[in-house]
Amino acid sequence: TLPDSLKDLGDGVRSDLDGEDGAPNIAREGIDQIGRPIRFAAKKHAIAMSTSTPLVRDWLGDDGPTLADDKALVEVAEALDGEDVFSAILTDPMPMAPDLTATPGSAAQQMEALEKATPATPFDTIGIGWKRGQVVVAYRFAEEPDVAALEAIWRDGTLLTTQSPIADRLTVASSTAKGNVGIVTLDVVEGSSPALAEQMLLTREPVFVTR
């Protein structure tokens, strides 16, 4: 349930601040960085938040499919939950293509480099989770994954954006499989950042690219 400290806008919608949708608050009060009112609503076991009141109202009235109906997302989410992460992101992988790498050379050479640095079999969903001092990466495959191969691409891989070893920033602590989900737990090297894994996803590093 939502706390009574939130302002009641009616029809199940609450807000942290008064004001119109998207209107910034000069004092920068509230949750939003520039002080825009954030609208909240609760339904079943979920809470929605948005700067748009209509979006929140639509969410309350929509009983259609949700991400919880996606089997792949559920399997990855359950795997990460089993690793006791406190936050996570789930997404589709990037397809393998020569233009995903900054390595010089022909398309064939680039593809060869990618194949050495990506998981050996295709996967359809990625999850990255965080817990104290560690990053947990989960991959969902069509069948039981080769955990040793997954561990190897993280242990022996190179960041294409910097040409430095991944192990200089993140080191493999353990690896396991839960059904069709392969899980690699990484220790964050002192001086590095837990956010590196998300940055690697955004910059399309090969460990997050599928064949």
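The values are calculated or read from the model by the stated rules, or taken from the named source; none is laboratory data. What you see is a predicted model; the values in this text were computed from it and never measured. Every residue, glycine among them, receives a Cβ derived from its backbone with ideal geometry; neighbour counts consider all protein chains shown. For accessibility, only protein heavy atoms count, side chains too; no ligands or nucleic acids. Shrake-Rupley method; radii C 1.70, N 1.55, O 1.52, S 1.80 Å.
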Residue list for segment 16-51, filter: touching a strand residue (DSSP E or B) at 6+ places or on another chain (Cβ under 7 Å) and either more than 26 Å from ALA68 (Cα to Cα) or among the acidic types (Asp, Glu) (or both): ASP18, PRO37
With respect to the numbered conditions (1) under 25 Å from ARG140 (Cα atoms); (2) at pLDDT below 95, which one is the sole condition not fulfilled by GLY19? (1)
Out of curiosity, is PRO65 modelled with pLDDT under 95, surrounded by 13 or more Cβ atoms within 10 Å (Cβ to Cβ) and part of a loop (DSSP other than H, G, I, E, B)? no
Of the residues in segment 30-62, those that are open to solvent by 50 Å² or more (accessible area, probe 1.4 Å) and in a helix (DSSP H, G or I) number 6
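Take the residues in segment 186-201 that are assigned to a strand (DSSP E or B) and of a type in the set (A, V, I, L, M, F, W, C), then tell me which one is surrounded by the fewest Cβ atoms within 10 Å (Cβ to Cβ). Before the answer, list the steps.
Keep residues of segment 186-201 that are assigned to a strand (DSSP E or B), which gives 186-188.
Among the residues that remain, those that are also of a type in the set (A, V, I, L, M, F, W, C) are: 186, 188.
Values: LEU186: 26, VAL188: 20.
Going through the qualifying residues, I end up with VAL188.
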Scan (1) of a type in the set (Gly, Ala, Ser); (2) touching a Pro at 6+ places or on another chain (Cβ under 8 Å); (3) loosely packed, with under 11 Cβ neighbours inside 10 Å for the single condition ALA23 breaks and write down its number. (3)
Note on segment 1-15: residues more than 30 Å from the chain's Cα centre (by Cα) and either of a type in the set (Val, Ile, Thr) or farther than 30 Å from PRO65 by Cα (or both) are SER5
Flagged pairs (Cβ under 7 angstrom, 6 or more apart or on separate chains; first in segment 58-74, closer than 20 Å to ARG39 by Cβ; second modelled with pLDDT of 80 or more and of a type outside the set (A, V, I, L, M, F, W, C)) are LEU60/GLY12; LEU60/LYS43
Identify all residues within segment 1-20 that are in a loop (DSSP other than H, G, I, E, B), open to solvent by 60 Å² or more (accessible area, probe 1.4 Å) and either of a type outside the set (D, E, K, R) or closer than 15 Å to TRP59 by Cβ (or both); write none if there are none. THR1, PRO3, SER5, ASP11
Count, please, the residues in segment 166-185 that happen to be touching a helix residue (DSSP H, G or I) at 6+ places or on another chain (Cβ under 8 Å) and not in a loop (DSSP other than H, G, I, E, B). 13
List every residue pair whose Cβ atoms sit under 6 Å apart, with the two residues 6 or more apart in sequence or on different chains, where the first one lies in segment 159-185 and is within 20 Å of GLY133 (Cα to Cα) and open to solvent by 10 Å² or more (accessible area, probe 1.4 Å) and the second, anywhere, is of a type in the set (Val, Ile, Thr) and not in a strand (DSSP E or B). ARG169/VAL189; SER175/VAL147
Index of the failed condition, ARG204 passing every other in (1) over 16 Å from VAL85 (Cα atoms); (2) more than 15 Å from the chain's Cα centre (by Cα): (2)
Sort through ARG204, ARG155 and tell me the only one that's charged (D, E, K, R), surrounded by 14 or more Cβ atoms within 10 Å (Cβ to Cβ) and in a loop (DSSP other than H, G, I, E, B). ARG204
